[in-house]
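The values are calculated or read from the model by the stated rules, or taken from the named source; none is laboratory data. In this text, all values refer to a predicted model and were calculated from it rather than measured experimentally. FYI the Cβ positions are ideal-geometry reconstructions off the backbone, even for glycines, and counts take in every protein chain you see. The area values use the complete protein model at the heavy-atom level, side chains included, leaving out ligands, DNA and RNA. Shrake-Rupley method; radii C 1.70, N 1.55, O 1.52, S 1.80 Å.
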Amino acid sequence: MKIAIEAQRIFRKNKHGMDFVALEVIRHLQKTDFSNQYYILVAPGEDICLQNTDNMYIIEINCPTYILWEQIALPLVLKKIKPDLLHCTSNTAPIFCKTPLVLTLHDIIYLEKKQKGNRTLYQKMGWYYRRFVVPRILPKCKKIITVSNFECKRITDALNFKPGQLVAIYNGYSSHFKPIENYKEIISKYINQDKYLMFLGNTDPKKNTARTLKAYQLYTQRSGRPLPLLIADLDETYIDQTLKDNNLESIKSFLMIPGYIANSDLPAIYTGAKVFLYTSLRESFGIPILEAMACGAPIITSNTSSMPEIAGDGAILIDPFSEEEIAQKIIQLEEDKLFFDQQVNYGLERVKLFSWDMTAKSTLKIYLSVYNELKS
């Protein structure tokens with residue numbers, strides 16, 4: 001079987017969630033499946049994180065924009081390769097393409113009412129692009145993969161899929177996420193503290209940044225020795241504006257804002273964190289939950305969407321709209337060592353239920369089922 005996998009952005013330096021999902025699935029297929037031929041279709045970038053093997057070929061496609069790459073350049077390359085199926089990994093796919101299609105649909109946020117907030121132009125354009133493309137490609141899909149049972153039910157209910165067309169395959173977490181002995185040496189590249197709370201966000205309103213900062217302010221007012229808050233993946237200009245808009249300037253001195261943290265350094269950052277805050281309003285999966293747990297960081301996450309499903313019943317689940325509840329749980333972890341240790345141990349056990357190897361094997365089963373249906 002000839003399998004083409006669209007992974008347009010995996011060579012970019014500053015990768016994000018969907019990029020890592022595609023990359024890890026491809027890496028594990030490369031390690032485990034030697035029977036099928038793979039064509040990995042990527043845009044050029046700085047981080048050449050995959051190499052050709054005997055049955056896996058990396059094809060770089062040059063095109064100036066994401067949309068033109070996907071809608072024009074990708075179909076032209078597919079005509080030359082003539083694969084048996086195409087797997088598009090990040091919610092969208094070419095509208096005009098005759099190759100049988102498997103789509104990973106991480107979420108249907110494009111159908112939901114847009115939340116107010118400081119979305120970037122890139123995020124706004126992506127929202128409109130998905131809103132235009134996704135309804136036009138879904139009827140063409142031979143199989144649709146999503147990443148949690150929550151999202152599977154939500155998509156099924158919203159779009160009335162027939163049974164069996166949509167399947168949930170859990171994400172995993174990378175093996176380098178584990179407790180790091182020399183974590184202080186690594187975190188010193190970013191910050192000058194080795195005890196801190198951690199929040200991982202971006203400018204998307206669903207990340208709940210303003211409420212999380214309000215909760216942190218409550219924590220600093222109540223803690224006898226408040227720890228600083230490390231905010232990853234957000235720049236200082238955005239944070240300053242958020243503080244100003246919410247009258248939170250008083251906590252600025254407690255914040256550490258190193259910007260983007262390399263994925264290879266994240267395990268050390270998680271290891272040093274006394275609490276990891278993942279207080280989103282909505283997530284289709286939540287890989288950072290697993291990454292933090294695997295590194296021994298106790299997590300506080302939301303009781304909405306997929307997060308309870310991934311974190312499990314034993315995790316600290318809070319109402320993301322309640323700054324008070326978030327602050328209380330931070331204080332409890334700080335003051336109750338038994339509770340803290342229980343959460344650390346719970347997380348280290350919980351992550352054993354997830355792996356990229358299982359994700360890749362389940363994905364390969366989908367490829368085989370679609371191929372067999374086409375041949376029958």
Using beta carbons and a limit of 7 Å, which pairs, at least six apart or on different chains, have the first residue in the stretch 41-55 and within 15 Å of H16 (Cβ to Cβ) and the second one open to solvent by 100 Å² or more (accessible area, probe 1.4 Å) and modelled with pLDDT of 95 or more? none
For the stretch 19-55, which residues satisfy the criterion of being in a loop (DSSP other than H, G, I, E, B) and either under 24 Å from the mean Cα position of the chain (by Cα) or crowded, with 21+ Cβ neighbours inside 10 Å (or both)? A43, P44, G45, E46, D47, I48, C49, L50, Q51
Are there any pairs with C-beta distances below 6 angstrom linking a residue in the stretch 264-276 that is modelled with pLDDT of 95 or more to a residue that is among the hydroxyl-bearing types (S, T, Y), with the two at least 6 apart or on different chains, and if so which? A268/Y183; T271/Y183; G272/Y183
Given the conditions (1) assigned to a helix (DSSP H, G or I); (2) within 16 Å of L41 (Cβ to Cβ); (3) out of contact with any Cys (no Cβ under 9 Å at 6 or more places or on another chain); (4) touching a residue at least 40 places away in the same chain (Cβ under 8 Å), every one holds for L68 apart from (4)
L101 being buried (at least 20 other Cβ atoms within 10 Å of the Cβ), more than 20 Å from the chain's Cα centre (by Cα) and at pLDDT 95 or above: yes
Long-range neighbours under 9 Å by Cβ, at least six apart or interchain, first residue open to solvent by 10 Å² or more (accessible area, probe 1.4 Å) within the stretch 220-235, second among the small types (G, A, S) and assigned to a strand (DSSP E or B): D233/G259; D235/G259
Which one of F339, F321 is among the aromatic types (F, W, Y), closer than 30 Å to P205 by Cβ, open to solvent by 10 Å² or more (accessible area, probe 1.4 Å) and more than 17 Å from the chain's Cα centre (by Cα)? F321
